[in-house]
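Asks: Just passing along the structure, written as structure tokens.
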Amino acid sequence: MKISDSHVLITGGVSGIGRVLVEHFAQHAARVAVLDIEAPDDELRASNTNTIWVSCDVASPEKVAMAIEQLAEQEFRFDVLVNNAGIIHSSPLINVLNRESRLHPIEQWRRVIAVNLDSVFYMTREVVDRMLQLRRKGVVVNISSIAACGNPGQSAYSAAKAGVIALTKTWAKELGPLGLRFVAVSPGFLDTPSTHAALSSAIVDSVKQSIPLRRLGQPENVLQAVCSIIENDYLNGTVLEVDGGLVI
């Protein structure tokens, strides 16, 4: 599939990896749409005037359905879906140091699962239905994480990202015969403000030493993986690990 001929739909495109994806595809794809609960800032909106911005909580099936219908009314083709929206939350299963509340909060579990996993299900079922109606050979790219292998203190996030990979493989088998492809990207530690905000410099240095390439990745490395998935029509049901070799 040629990116230049494609309509690309991205969730969580206002910040982080999603912002990098939007800025690239707005310049190289035929059309771009972004679903995000946050509004784009003036700089992002001004530099991507050909992008459709839709305010949507992708953890709500009703709001997702309404957003997809809105795009359909604007003759959006749904060639590519990038399920990028997500939140990170760290909390141990049992916090032995917290005398007031030792147990992992249920509300935090539900929210992390809703945003990182449920949203992928809600978005994909709506978009794939449109793809099939339009009789197009589409591709769905799901952003997972190396946390899918299990990160201490991240029960909900790890479970959600592992679920994303399971859905990717299930749909690849289920819908591959109909010409649809599903691939996951599993980023490692990236050199982003959120990484440095969450980790001390000492921990970042330790992480670098555990990566065979001895450096953090860049959001652009994830973008390169997504572009490769879109253009390589024989990639299906696999996970591209963009982690510098960390999970070897």
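The values are calculated or read from the model by the stated rules, or taken from the named source; none is laboratory data. Remember, it's a predicted structure, so these values are computed and weren't measured experimentally. Cβ: placed from backbone, ideal geometry, glycine included. Neighbour counts: every protein chain shown. For the accessible areas, the whole protein counts, side chains as well, though only heavy atoms, and no ligand, DNA or RNA atoms are used. Shrake-Rupley method; radii C 1.70, N 1.55, O 1.52, S 1.80 Å.
Asks: What's the extension gain from A197 to S47 if we count 0.36 nm per residue and subtract their Cα-Cα distance?
Replies: Contour length minus Cα-Cα distance gives 51.3 nm.
Asks: Determine the order of I229, I248 by accessible area, beginning with the largest, at a probe radius of 1.4 Å.
Replies: Highest to lowest solvent-accessible surface, that is I248, I229.
Asks: Hey, another quick one. Taking the Cα centre of the range 1-108 as origin, sum charge times position over the Cβ atoms of Lys and Arg (+1) and Asp and Glu (-1), and report the length of that vector in debye to the nearest 20.
Replies: 380
Asks: Arranged from highest to lowest average of other beta-carbon atoms within 10 Å per residue, in what order do the peptides 51-58, 147-154 appear?
Replies: So the peptides 51-58, 147-154, ranked by packing, come out 51-58, 147-154.
Asks: Which order, highest average first, do 3-13, 99-109, 213-223 follow once you tally other Cβ atoms within 10 Å for each residue and take the mean per peptide?
Replies: Most protected by this proxy first, the peptides run 3-13, 213-223, 99-109.
Asks: If you take the beta carbon distance between Q209 and S90 as r and set R0 to 25 Å, what does 1/(1 + (r/R0)^6) give as a FRET efficiency, to the nearest 0.05?
Replies: 0.70
Asks: In nm, to one decimal, how far is the A39 label point from the F121 one, both placed 7 Å along Cα→Cβ?
Replies: Between A39 and F121, the label points sit 3.2 nm apart.
Asks: How far apart, in nm, are two points set 7 Å out from the Cα along the Cα-to-Cβ line at Q224 and at V247?
Replies: A separation of 1.9 nm, rounded to one decimal place.
Asks: Order these peptides, 230-236, 185-191, 31-37, by their mean beta-carbon neighbour count within 10 angstrom, highest first.
Replies: Ranking the peptides 230-236, 185-191, 31-37 by packing returns 31-37, 185-191, 230-236.
Asks: Moving to a separate point now. Can you list the aspartates and glutamates whose alpha carbon is less than 17 Å from that of K161, not counting same-chain residues fewer than 8 positions off?
Replies: Once the sequence-local aspartates and glutamates are set aside, what remains near K161 is D118, E241, D243.
Asks: How large is the dipole of the chain about the Cα centre if only Lys and Arg carry +1 and Asp and Glu carry -1, each at its Cβ, rounded to the nearest 20 debye?
Replies: Around 680 debye, computed over the chain.
Asks: Using the heavy atoms of the protein chains and a 1.4 angstrom probe, tell me the accessible area per residue for the range 5-84 in square angstrom.
Replies: Accessible area per residue, the range 5-84: 41 Å².
Asks: Can you pull the one-decimal nm distance between simple spin-label points at K2 and D129, each 7 Å off the Cα toward Cβ?
Replies: Result: 3.2 nm between the two label points.
Asks: Follow-up. Would you work out the charge dipole size for the range 54-190 about its Cα centre, treating the Cβ of every Lys and Arg as +1 and the Cβ of every Asp and Glu as -1, and quote it to the nearest 20 debye?
Replies: Dipole magnitude for the range 54-190 comes out near 460 debye.
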